[in-house]
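Beneath this line is the structure, given in structure tokens, with notes to follow.
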Amino acid sequence: MRVGDLPQQIVFGLGLGAIYALVAIGYSLVYRTMGLLSFVQPQFVMLGSVFGYTGLVTLDLPLWLAAVPVGVATALVAVLIDQVGLRPIRRRGGAEIAMILATVAWGIVLVEIVRQSWAYGPSALNLRSTARPPFHLLGIEVRWDTVGSLATAGVLAAGLALFLRRTSSGRALRAVGESSRTASLMGIHVERTLALAAAISGFLGGVAGLLVGYLFSAGISTGTIGVKALAAAVIGGFGNVPGAVVGGLVLGIFDNVVAADVSATWRDAIVYGLIIVVLIVRVGGLVGRRVFSRV
Amino acid sequence: MRKRLSYLGSVAVVVAIALVGASASQARSAADTIKIGSITILTGPSATIGLETARGAQFMVDYLNARGGVLGKKLELISADDANNPQLAVQAAAQLIQQDHVVAITGPTNSVGGIAIQSLQAQASVPAVAYQSGAEQLTATGSPWVFRSNTTLNHHFDALVEYLAKKKKVKRFAYIGWNLAAGQSSLAGVQYGVAHTKGTSLVYQTALPLTTQDFSGTISQARAANPDAVLIGAPMPFAGVLAKQIRQSGWKVTIGATGDFVTTDFGQFLGAAANGLIMTDTGHAACAEKRKTGKAFVTAWQKKFHRLPGSNELVGADAVGVVAAAIKKAGSTDGAKIQAAIRKLNYNGIRFAARWDAKGNLKHTPIPAVVWAANGTKLNALTCDIQPVVRAKK
Amino acid sequence: MSRRTVTRGAIGLAALAGMYALAPAYDGTFFLSFMVDVLILGLAALGLQHMVGDAGVLNLGQAAFFGLGAYGGVWTLQHWHWTTLPAFGAAIVVALAGAVVMAPLLRLRGVYFAMASFAFGAMMFEVFGQAVSLTGGENGLFLIPPPKIFGHVLIGNRDSYLLVLSVGVVCYAAFALLMRSGYGLSLHAVRQSENGARASGVNVARMRFIALALGVVPPALAGVLYAQVHSIVQSTIFDFNQSVALITMVIVGGVASRWGAFAGALVAQYVAVYPQSIAQYRFLLYGGVVALLMIVLPGGIASVGRALAGARGALVRTRI
């Protein structure tokens, strides 16, 4: 293990971590408000990369401008799935298993729709291969991509925090997250709030997907990054939104360091194993407070 | 009563499905043609390769039929999709052999799929001429029923090393490849090439999973070893993403690869950044045109498609050509006789003249070198055989 | 014995006889090869049905146990030249090891086990693909010997079919008997009311672990059978899509029904194989059908009869 290399790998990992953070917030938000483990969340990342292709390549928008329509488009899909696929199950009193399976099913549906209709194969969104050269900080190479990802994640996370604290819809989200029954007794429209939660998680996933497409490639395989982000949500405490941000950055660094200095081949296996270990050791995650949720 | 009805109802559903399944066990094609089964990648991220190969194969069937067919009958190509998944290749082979009664199989593209179908082939005595399949394991199993239509990746990379050393004065090589069979073959070829070419050395090597998206760590390590050229031993999307990230990091090193892996969408993916990238390839229209059979084929192709055929299309065509020539030589459509015929065949093909050894490998075939140009839209042939004198051991 | 039991028993036996008769009737045809695969997958799905339907444990990584059994069995077949039955034993041991790893998570809420089982499946898929010396990596292992039982080597699809069918029948019968025993009654009580069962002295976590352990046995056997019938085994067989396919089979067949696992396997494989035009869309179909069933008919095929006969209980009965 090259110790001198470590700060460099950490910096590389932060860019990836910002992306993980965005997706992880989505997972935790949905779990907090709906009590649902959503397997459709990683596919929002995939959708974001695909919509991103339309925005960046077909319409030739600059990256920061493309983020809004891409996020909104993905959010719309998220709401659609929630209302068409999940709400009826909630209405008939379906159990947790049914809901989780439904999200797995919808996730598969999204992947397959894109697989069949996406004519471009894996595509690069960032076609300008002569990007701005990286700058150096204290001898460590910092790429502008990393800065951009962190800035994006930072802005969105801060925006979400403000939203949750300052607006009535945001407060409604937190209320429903505590207890949906109490919230509805207080006059909060629960279904609409849940749809909002779906929309936000879709938006975040979509923007994350746009970044993935920009940095790496767009297409079906981008869902894997979304799946690994589940580890980030677990590390931060599943359901803990600020924890998800920390978890995302931690995972990004961990993932990158493992890939560079331990084994690139076993990188994904180790991340998945991490999920299991964290769950066994501490359900509340490594960051958040311990939440007892025994059977 | 209700309960019994309900139970019966459910059973009825199942029986209905089973009956439909049994009845669907009909052969899928017309009678009285010689049926060849083609298995390749028709869907999924690597579909470009398979669709092109299948197109070439189908065109060859039409081309041969227009010239009288084989043994007085028309050939028929039944095309199946394995989506680059060996499990599906087995399924496709089972259907082609047991349901459609094909006399031979062309394909699959992936060597691992090729290995997977060998036991079915042996049980039914059906020979297969593989498409791209460059990994050595394909023929290492010892099955007498498999034949290559392309030389191994090992050979490709060995030749590439020699070529880059001679023509581009490359001394220090770095290799970043895939950790699957084909990648292992490629690495072995690079190592052999470096060992047998004076003044060259392999300064960095690594094997990564195909789904790797983020190469930044690997690129920085490779760069630290200061190579003159980076060889990519993996297909798309790996090859494209890696090449893109290399260029994005500002590194202007020479990049080499093989067309076995790198398909036409590589050019689209990289655009101008692809220019100057040198590859070995499985074939090239310009080289095929230098041969009599090749020229006739390419001319016919241009008439129909108004463009030159690509390497995968040529591969597909030649695989069918081998089968057809073997049937003619054997004078029969019996699988065992076709297999025996291929062993003794001197195939006058579109891309090259080919003969096989006892293991099903090709004895020397020319390897063209090509270069990307014009913003990734053109593949120009640099030379039609970069290793005219094959190193003894191969 | 009530009339209903006799009727059901008669129908069951007739169906079974019919299944055995398929072997000579369709010997050498693709349909029989297809049915062999259906039964192998149905066996893997049977274990999953027990976990999900009988014990309420949502395992999203069943393919991992399919793989563990396959690789475990194949190791003994290739390195120590064991025959099929001992290889089954080895496969079960390896699969149980996996179940033990997952055991601590059964104490937590269902959603966490679902997450962990998914992660386990994803992790094992990576292990299968990268641990080249053990599993052959993504190339897989080939030249696996055909099944050999009591000295008889079974080659050809008729013999394979009879073997797989017989293993399936034995497992099916075993689970049927188990569910009628004290264990089964405890599980049933837990499904009705978890707190009530606990109050009656049922150790819920231990019940769930037993269900998990029992549920990994059929896929382990299925793994060995797959490997020996096809003579190759590769990591791509044991990916998340395979877990999804198995879940689909269980849901489509009816999560509360044992024979539903096989019926679901028949439907899912049929879609995957026969209609050339649809085959590439099969995962779209799996996802769409499961999503639809979750809303409309969670009971699957097994509840179709009930639903058609107008029983309102069909929707609610299945309790998922």
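Quick notes on this one:
- Residues of the range B:310-338 satisfying the condition of being over 19 Å from B:D385 (Cβ atoms), touching a helix residue (DSSP H, G or I) at 6+ places or on another chain (Cβ under 9 Å) and not small (G, A, S): B:N312, B:E313, B:V320, B:V322, B:V323, B:I327, B:K328, B:K329, B:T333, B:K337, B:I338
- Restricting the range A:260-275 to residues that are at the interface with another protein chain (Cβ under 7 Å from one of its Cβ atoms) and outside any helix (DSSP H, G or I), the residue that is nearest to B:A222 (Cα to Cα): A:A264
- Residue selected from the range A:210-231 under the condition open to solvent by 10 Å² or more (accessible area, probe 1.4 Å) and of a type outside the set (A, V, I, L, M), by the criterion nearest to the other protein chains (Cβ to nearest Cβ): A:F216
- A single member of A:V250, A:V258, A:V241 is over 19 Å from A:I25 (Cβ atoms) and over 11 Å from the mean Cα position of the chain (by Cα), and it is A:V258.
- Within the range B:224-236, no residue satisfies the criterion of being open to solvent by 30 Å² or more (accessible area, probe 1.4 Å) and closer than 15 Å to B:L270 by Cβ.
- Selection within the range A:75-98 - among the hydrophobic types (A, V, I, L, M, F, W, C), open to solvent by less than 20 Å² (accessible area, probe 1.4 Å) and facing chain C (nearest Cβ under 8 Å): A:I89, A:A98
- Tallying residues that are under 15 Å from B:C384 (Cβ atoms) and either in a helix (DSSP H, G or I) or in the same structural domain as B:A234 (by TED's automatic domain parsing) (or both) within the range B:298-314 yields 3.
- Single residue of B:K290, B:K304 found to be under 22 Å from B:S79 (Cβ atoms) and either basic (K, R) or surrounded by fewer than 17 Cβ atoms within 10 Å (Cβ to Cβ) (or both): B:K304
- Of the residues making up the range C:248-281, just one is of a type in the set (V, I, T), at the interface with chain B (Cβ under 9 Å from one of its Cβ atoms) and open to solvent by less than 20 Å² (accessible area, probe 1.4 Å), namely C:V273.
- Residue satisfying all of: in the range B:50-92; charged (D, E, K, R) and not in a loop (DSSP other than H, G, I, E, B); farthest from the other protein chains (Cβ to nearest Cβ) among these: B:K73
- Count of the range B:166-180 residues which are closer than 19 Å to A:W266 by Cβ and either hydrophobic (A, V, I, L, M, F, W, C) or open to solvent by 80 Å² or more (accessible area, probe 1.4 Å) (or both): 3
- Filtering the range B:65-84 to residues that are open to solvent by 30 Å² or more (accessible area, probe 1.4 Å) and either of a type in the set (S, T, Y) or farther than 23 Å from B:I327 by Cβ (or both) leaves B:S79, B:D81, B:A83, B:N84.
- Taken over the range C:123-134, residues that are at the interface with another protein chain (Cβ under 8 Å from one of its Cβ atoms) and open to solvent by less than 20 Å² (accessible area, probe 1.4 Å) amount to 1.
- Sole exception among (1) without any contact (Cβ under 8 Å) to a residue 40 or more places away in the chain; (2) assigned to a helix (DSSP H, G or I) for A:G93, by number: (2)
- Note on the range B:116-139: residues that are modelled with pLDDT of 90 or more, open to solvent by 10 Å² or more (accessible area, probe 1.4 Å) and in contact with a Ser or Thr (Cβ under 6 Å, 6 or more places away or on another chain) amount to 1.
- Qualifying position, being open to solvent by less than 30 Å² (accessible area, probe 1.4 Å) and at pLDDT below 95, among C:V190, C:V216: C:V190
- Of the criteria (1) closer than 19 Å to B:I49 by Cα; (2) surrounded by fewer than 24 Cβ atoms within 10 Å (Cβ to Cβ), which one B:T109 fails: (2)
- When B:Q221, B:Q248, B:Q205 are screened for being modelled with pLDDT under 90 and either surrounded by fewer than 22 Cβ atoms within 10 Å (Cβ to Cβ) or of a type in the set (S, T, Y) (or both), only B:Q221 passes.
- Matching residues in the range C:54-65 - criterion: being outside any loop (DSSP other than H, G, I, E, B) and open to solvent by 10 Å² or more (accessible area, probe 1.4 Å): C:D54
- Residue list for the range C:100-112, restricted to those being open to solvent by less than 20 Å² (accessible area, probe 1.4 Å) and closer than 18 Å to A:A269 by Cα: C:M102
- Residue among B:G310, B:G376, B:G335, B:G331 that alone is within 20 Å of B:I278 (Cβ to Cβ), open to solvent by less than 80 Å² (accessible area, probe 1.4 Å) and more than 19 Å from the chain's Cα centre (by Cα): B:G376
- Subset of the range B:347-365 [open to solvent by less than 40 Å² (accessible area, probe 1.4 Å) and assigned to a loop (DSSP other than H, G, I, E, B)]: B:G349, B:I350, B:R351, B:F352, B:G360, B:N361, B:T365
Table: residues versus (1) surrounded by fewer than 24 Cβ atoms within 10 Å (Cβ to Cβ); (2) within 14 Å of chain B (Cβ to nearest Cβ).
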site: C:L46; (1), (2): no, no
site: C:G67; (1), (2): no, yes
site: C:Q78; (1), (2): yes, yes
site: C:T83; (1), (2): yes, no
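The values are calculated or read from the model by the stated rules, or taken from the named source; none is laboratory data. The structure presented is a predicted model; accordingly, all values stated were derived computationally and were not measured. Neighbour counts are summed over all protein chains in view; Cβ atoms, including those assigned to glycine, are modelled from backbone coordinates with ideal geometry. Side chains included, ligands, DNA and RNA excluded: accessible areas come from the protein's heavy atoms. Shrake-Rupley method; radii C 1.70, N 1.55, O 1.52, S 1.80 Å.
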